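The values are calculated or read from the model by the stated rules, or taken from the named source; none is laboratory data. This is a predicted model, so every value here is computed, not measured. For neighbour counting, all protein chains shown are included, and Cβ atoms are generated from backbone atoms with ideal geometry for every residue, glycine included.
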Amino acid sequence: MTSVKKSSGSTNRLATEKFIERVKKNPCLYDNEVKRKSSPKDIDFIWKQIADDSGLLIGQAKRKWSYLVETYKASTRNDPTKKCYFKRELNFLIAFVQEISADEIQETGRVIKTELPHNDPDSWSEISTSRNKPRSSLDDHLPSTSSAYQPVRGPQRYSSTSVPIDINDEMMHFFISMCCTAKTLPRDLQIQIKSKISELINGAELTAMQRDIQ
């Protein structure tokens, strides 16, 4: 049992190290000077490629990077509340860490909202899938300051779509009941409820990621 847990932890760490390496190869994602010279379209394309190679949604990839940056920044301030498990891998950020603004970190929250209908509880793990569709060349899309990288597959992710939906499930009944109650409330309160639920789920995902990379 212990060996299985250790193996899982090693796999998760390797997946995160590969994720960091993909971002590292694209300075426009963390160097503001390079970013200003790059078009938003190029940057979006890079994030999509990184997300696809990591088995994540774009918002999930950005949020994972934001979490890693936050913990690294905290480690440079000797903040004991946030432990950085990838400080060695992230040390290339030392020259840019002060330039990475809080606005950029918080941007991921706005991206996540567009993907919530497709979100799943295990969003931080990477997926091992066969990608048979033709891939376009990164050299045709990336800014000259970025270097191409080869896709690396990560460990299996257990997505919500892999679990059959049981209408008799206790959790299903709970959310249906809560939904029926929420529908009786004014529109502005419904929006508040959805926002709070999103915050709770996002917080739980952050906690799950913290456990995975320890």
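All conditions in (1) without any contact (Cβ under 8 Å) to a residue 40 or more places away in the chain; (2) crowded, with 19+ Cβ neighbours inside 10 Å hold for Arg36, with the sole exception of (2).
Within the stretch 18-33, restricting attention to residues that are at pLDDT below 95 and among the acidic types (Asp, Glu), which residue is surrounded by the fewest Cβ atoms within 10 Å (Cβ to Cβ)? Step by step, filter the stretch 18-33, then rank; the result is Glu33.
Within this structure, Ser147 fails the test of being modelled with pLDDT of 60 or more, among the small types (Gly, Ala, Ser) and either under 30 Å from Ala15 (Cβ atoms) or not in a helix (DSSP H, G or I) (or both).
Close Cβ contacts (under 7 Å, 6 or more residues apart or on different chains) running from residues in the stretch 173-184 that are within 17 Å of Lys196 (Cα to Cα) to residues that are in a helix (DSSP H, G or I) and modelled with pLDDT of 75 or more comprise Ala182/Gln190; Ala182/Ile193. Of all residues in the stretch 59-97, which are farther than 18 Å from Lys25 by Cα and of a type in the set (A, V, I, L, M, F, W, C)? Matches in the stretch 59-97: Ala74, Cys84. Among residues of the stretch 1-17 being buried (at least 19 other Cβ atoms within 10 Å of the Cβ) and modelled with pLDDT of 90 or more, the one that is farthest from Phe92 (Cα to Cα) is Ala15.
Within the stretch 52-98, restricting attention to residues that are part of a helix (DSSP H, G or I), more than 16 Å from the chain's Cα centre (by Cα) and basic (Lys, Arg), which residue is nearest to Glu33 (Cα to Cα)? Of everything passing the filter in the stretch 52-98, Lys73 is nearest to Glu33 (Cα to Cα).
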